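Structure first, then comments.
Where a number appears in this text, it was derived from the coordinates with a stated rule and is not lab data. Just so it is clear, the model here is predicted, and its values are computed rather than measured. Reconstructed Cβ throughout: ideal geometry from the backbone, glycine too, with neighbour counts over all protein chains shown.
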Amino acid sequence: MNLTYPEMVELADLGLRASGLDTKAAYETAQFLALAELDGLASHGLARVAQYAAHAKNGRIELASKIKVRPFKTSAALVDARDGLAFPALRFATDLSVNLASKNGLGLVAVTNSHHFGVAGHYVEAAARAGYISLLFGNTPAAMPMVGGTKAIFGTNPLAAAFPVTNSDPLVIDMSLSAVARGKLLVAAKNGEQIPEGWALTADGKPTTNPQEGLKGLMVPLGGDKGALLALIVELLVVGLSGSRFSYEADSFFDPKGNRPRIGQLILTIDTGLAGSSVFASRMSDFLQTLAEDSGTRLPGQRRFKQRAAGFKNGISVSDVVVEEIQTGIRQSWTR
């Protein structure tokens, strides 16, 4: 089904509010989910509405959470999402980190008691469009083993970085530390599709092309041991500074029932003027000119921006299965 951005926002918003979630939080979340669809990231788009709604109905999300902030020294703060949807908390934390960086050169904001926060690149992109370098780290429920291990200890623990470019879109690097984002297994499962071998393992450690088995099992780390060690870095930074739960303490996002995950995120925003007001922009220009001389080079984030522009103009094809799933949830709320 082809949907415009406003139509996707409206559908996701209705689907979330049908589960009892707060109006403001539902709408802000719907905006981010629709943006993910525009960017070609269906694994973090409307397919998540039913998941969040199920968590709300089963007490895994606080329906009307009120964010709390605790400043720390000059350029850092802790944002408590208080078990609510993560998107409002991360949006607030991003704005706060930019504000701190504008005043102090650096802005470090940790988010605790949080939930699934969607596309990591969206937050750092916003900071970069304001002229700042931005990095974001987050932990997620356990899905990957430690080096040499067979038990899920780390989440896919995404990280993202964005760098401003004068008079152009920023460079946005966004990745999970598993071979692919776990949400791709969710989309494949909903659509009745198989997954490539090398994405996931069964619960007993065997390669699988069945997304349902992969969701119950383990994700393969990006780059083998190096991916697991990068996940360790993210885990210790995020949990140590936010006081959130370790990945292995949070029940899977893919289970309707379970604990409140209370995972964390960490965003660092940096003023580019450290070496002089125009140094960063000049060095970035030189770098991009060098890349432009290699005709096959593709800059990080640019394909996403092209898809977004086309989606705003022409709409996006959204899975009929996902649309029907959301609409069913809405109808069921009317009959209760």
Next item on the list: Take every DSSP beta bridge with both residues inside segment 60-120 and express the antiparallel ones as a percent of the total, to the nearest 5.
Entry: 50 percent
Notebook entry, point to check: Which angle between 0 and 90 degrees, to the nearest 10, do you get for helix 302-314 versus the longest principal axis of the chain when only C-alpha atoms count?
Noted result: 60 degrees
Margin query: I'd like to compare 65-74, 42-51: which one has the highest average count of other Cβ atoms within 10 Å, and what's the full order after that?
Written below: 42-51, 65-74
Checklist line | On Cα atoms only, tilt of 279-292 relative to the major axis of the chain in degrees | finding: 70 degrees
Check: Per-residue HN-Hα couplings for segment 73-86, Karplus 6.51 cos²θ - 1.76 cosθ + 1.60 at θ = phi - 60°, whole Hz, x for Gly and Pro?
Finding: 6, 8, 10, 9, 7, 10, 9, 9, 6, 6, 6, x, 4, 6
Checklist line | Cα-Cα over 30 Å, subset of Lys57/Lys206; Lys24/Lys313; Lys184/Lys226 | finding: Lys57/Lys206
Notebook entry, point to check: Between the helical axis of 23-38 and the dominant principal axis of the chain, each derived from Cα atoms, what acute angle in degrees is found, rounded to the nearest 10?
Noted result: 80 degrees
Notebook entry, point to check: What is the calculated FRET efficiency for Lys313 to Thr166, with r their C-beta to C-beta distance and R₀ = 22 Å, to the nearest 0.05?
Noted result: 0.30
